[in-house]
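In what follows, a structure is listed as structure tokens, so that the remarks can point back to it.
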Amino acid sequence: MMESRDPICHTCGEQVGLNSNGEAFVACHECHYPMCRSCFDCEIKEGRTACLRCATPYDESSEIADTKQEESGTRAAMESHLHVEQDVGLHARNISSISTVDSEYNDESGNPIWKNRVESWKDRKNKKKKVANKSVKEAPVPQEQQMEEKQLPAEASEPLSRVIPLPKTQLTPYRIVIIMRLIILGLFFHYRVTHPVDSAYPLWLTSVICEIWFAFSWVLDQFPKWTPINRETFIDRLSARYEREGEPSQLAAVDFFVSTVDPMKEPPLITANTVLSILAVDYPVDKVSCYVSDDGAAMLTFESLAETADFARKWVPFCKKFSIEPRAPEFYFSQKFDYLKDKVQPSFVKERRAMKREYEEYKVRINALVAKAQKTPEEGWTMQDGTPWPGNNTRDHPGMIQVFLGHSGAHDIEGNELPRLVYVSREKRPGYQHHKKAGAENALVRVSAVLTNAPYILNLDCDHYVNNSKAIREAMCFFMDPLVGRDVCYVQFPQRFDGIDKSDRYANRNTVFFDINMKGLDGIQGPVYVGTGCVFNRQALYGYGPPTLPSIQKSSSSHSFCGSCCCCCPRKKPAKEKDPAEVYRDAKREDLNSAIFNLREIESYDDYERSLLISQMSFEKTFGTSTVFIESTLMENGGIAESANPSTLIKEAIHVISCGYEEKTAWGKEIGWIYGSVTEDILTGFKMHCRGWRSLYCMPVRPAFKGSAPINLSDRLHQVLRWALGSVEIFLSRHCPLWYGFKGGRLKWLQRLAYINTIVYPFTSLPLIAYCLLPAICLLTGKFIIPTLSNLASVLFLGLFLSIIITSVLELRWSGVSIEDWWRNEQFWVIGGVSAHLFAVFQGFLKMLAGVDTNFTVTAKAAEDTEFGELYMIKWTTVLIPPTTILVVNLVGVVAGFSDALNGGYEAWGPLFGKVFFAFWVIFHLYPFLKGLMGRQNRTPTIVILWSVLLASVFSLVWVKIDPFVNNDASKSLSQGCVSIDC
């Protein structure tokens, strides 16, 4: 195929095209920024009169005037046609999951149940045609006058964000060392394979297999970090462009999702602080809505949220008046710093003291609710009006929605409007699969679409509060930038945590992942979704493809499918090919021909109307039967659907969270949060990237969100176990990155390597355990996995270790991560690998292949320290056994090795060095585990010691009995020698 030489528009991805003189169309004569005429006209209509790149005012040339004249002749037809498209649901991105219509859509006579809906849509269409024709007859405002009225300052026309690539002095050496390390690895494996150790062949073979897997894992982890980048946002430019003085704010609305399940495990006070930080965020109040999902249907959560709504009337104006940071009261008042810094208002001290007293009283009320909820009454909970609480049976209850604050709700103490606060508890019934957190998030998507339908969604865990009140503005610098945000599915923020000691013994901060790996992914197709602190484009959650995605050429269809995804995007065609109405009819006729079902027997509809009917039915098969929700999915810029009746919105919201709403739809399969894994976050982001979307990583100077991390050893290992189990589930599912999403070609190869790494890393536990046991085995048997080293082998080993060290040093240099954080991460990689990852592999295979769900529960605990007391808490769990056993075996091996060296004389110390070096490598990596196991008071559960000593003793006795690494000839000669000596 010959490639066109015409430049490509950077806004829509189409060719720029020619002007009336047959030359390439030029929008800006200063920088020649490539933009097609259609996009240029849209910029002029929206009041942007300066170039987006260089901020030079556009030239009012004659060809622009010609363009206006051409548009005025066809405006009436185009507007009426666009209104028709809105009514019938034609969208720039289509869903292709068209399947057979069940009998539930037909009545007894075979006609569609919602036939009347089509009639109402036709009536609305005719009304809109009349309005469009009337608007054409009115005298238009001269465009020069519009441009003068909407003239933007130069700052507002500049980009809202920029990419800061790494300096070449840092990136070039980093890449060179990676390539050198890859070459050294090849030479190293050539030496290892060609120089077997005959005296310990099983040990040698095991070590080589493990080393090959480690090299493969290193490639998967290293090469996605090939092009790390940083990003910078410009909040001032965002305000200058979308918040002009004297005009309503044009910032996009955002719906916040907060998820909670059990108020006894997730304290209501922590959830309340998260909600308060959201309500006080620095963003227009009419653009913010907070939805709290109570998946446990607890009356305690409901009552604490009511108290929180009342306290918010005092807290929100206080935060905005004095620019408080952070805006979660518990964490603001507990900060140890000079709170008078940067405060200039004399009344601040007095009002702060009064607000702290108000918060203390609020805490007392919340704690009273918690104390009351410790014992459930036999007859169940009763609300204040005397009616039973609908959620007394947590597994069988109706859907519940309560709007506490909002446009028509209570105002703050200063009379100002507050953001909307909505309590949601979806319906639960026996016999239905509810899909845990992913199902709750999908229910919130539908509820918010019916009630507010903000174009962007931010989800937070209940223990992650807003630490930076301008965090939403940071994300909007990407989404609302016309050059950046069109194909962005989500903006991910790093996770930061409170309450962790400085040494971060168990790598709870996960700094290496968030500051190194995620920056590397941001340079490819974007960071992975990590479950919280993420702002979504709602359209991406609906399964649509990005609008800037180039079509995949097909000869027989006007739609292009995204690989294995059930998402398709309409094939873009130049506007000059066909009349828009003809293109629309062809697209709908394509839907009619491709549908499995056929409604040609309905004589009251022509082909065009039947195609509309089928299109709407295919939407119902995808999104469910709520017409209000379906219409909201077609509104790319958000807002309440026109067909929605405000008086029935709550009833419609209750309908979309019913437990049977998702049946026979694409929820959890192709749209929303994806089901099939306990780590639904990885799976959801992966599906979006497969459709061609990209994600961005935002790291503001002040962390956007902060949360609470499981800090003690047992809880940390169980957290890692859950993550690893989710990866194994994805590996065994149809969404495995090894084979999913190849047809569309929209997932970049380095991005695919990163996703493969996220699902295969738990399997590293098997070679890692073997490799951690090898030093002890070598010390106990006197054998070694490496033959006598030659000069070449010594150079290879030295080069390999140097390349590993230099790669790590260069990563620390460009990422800013401290060497202590890096070393903690390396240590916990070994600790988690030999414990949680191992259990996750076996549990995953048992669950996915045999249907056996094994839970490794945490039981006993004991702690006496006050500060960081949880760090020294000991909880018995079976996950602790493998690393403890490895520690004991290696310590026994070191003792046995030194004993043999003392008995063997001077020549035995040389071979001992290599064996002891590897044994100490294992011990040093497991040292934080040993320290956490012993605790500050050196108290360890007896059962852990007994199991570990038992396993180590059995292993040693079996080893002495079998002795597999001693040659038969040597053993025979040894026995004959003993007989001759008569021993």
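Key figures for this structure:
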quantity	calculated
Compactness relative to 2.2 N^0.38 Å, alpha carbon Rg of the stretch 687-749	1.56
The stretch 766-852: C-alpha gyration tensor shape, a/c 1.5 cut-off, then a/b vs b/c	oblate
Paramagnetic reach from Leu792 in the stretch 165-196 [backbone N under 16 Å; point 7 Å along Cα→Cβ]	184-196
Inter-probe distance in nm under a simple model that places probes 7 Å from Cα toward Cβ, at Phe214 and Lys748	3.0
Stretch gain in nm, segment Phe333-Ile164, where the contour uses 0.36 nm per residue and the Cα spacing is subtracted	57.2 nm
Stretch gain in nm, segment Asp310-Glu820, where the contour uses 0.36 nm per residue and the Cα spacing is subtracted	179.1 nm
Whole-percent pair-distance distribution, where bins are 10 Å wide, for the alpha carbons of the stretch 323-447	9, 24, 31, 23, 11, 2, 0
Semi-axis lengths, Å, the stretch 721-801, gyration tensor of Cα atoms, sqrt of 5 times eigenvalues	37, 20, 9
Cross-link pairs Lys336/Lys519; Lys225/Lys706; Lys287/Lys706; Lys168/Lys519; Lys519/Lys931; Lys356/Lys651 - those with Cα-Cα distance over 28 Å	Lys336/Lys519; Lys519/Lys931; Lys356/Lys651
Translational diffusion of the stretch 357-430, µm² s⁻¹ [Kirkwood Rh, Cα pairs; Stokes-Einstein; 20 °C; 1.002 mPa s]	142
Alpha carbon Rg of the stretch 399-449, scaled by the compact-globule rule 2.2 N^0.38 Å	1.50
Along principal axes, Cα extents of the stretch 388-494, largest first, whole Å	49, 39, 26
Cβ-derived FRET efficiency at R0 35 Å, Glu243 paired with Val809, nearest 0.05	0.20
Förster radius 41 Å - calculated FRET efficiency between Met848 and Thr648, Cβ distance, rounded to 0.05	0.45
Pair Glu663, Thr376: separation of 7 Å Cα→Cβ label points (nm)	2.6
FRET efficiency, 1/(1 + (r/R0)^6) with R0 45 Å, evaluated for Phe924 and Asp286 via beta carbons	0.20
Percentage, to the nearest whole number, of Cα pairs in the stretch 657-781 over 26 Å apart	42
Cα point-scatterer Debye curve for the stretch 788-839, base-10 log of I(q)/I(0) at q = 0.13, 0.15, 0.25, 0.27 Å⁻¹	-0.51, -0.63, -0.89, -0.93
Solvent-accessible surface ranking, highest first, for Thr625, Thr807 at 1.4 angstrom	Thr625, Thr807
Semi-axes of the equivalent ellipsoid for the stretch 265-359, Cα gyration tensor, largest first, Å	26, 15, 11
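The values are calculated or read from the model by the stated rules, or taken from the named source; none is laboratory data. Note that the coordinates shown come from a computational prediction; the quantities given were computed from them, not determined experimentally. Glycine gets a Cβ as well: all are built from the backbone with ideal geometry, and neighbour counts include every protein chain shown. The protein model used for the area step is the full one, side chains on, heavy atoms only, and it has no ligands, DNA or RNA in it. Shrake-Rupley method; radii C 1.70, N 1.55, O 1.52, S 1.80 Å.
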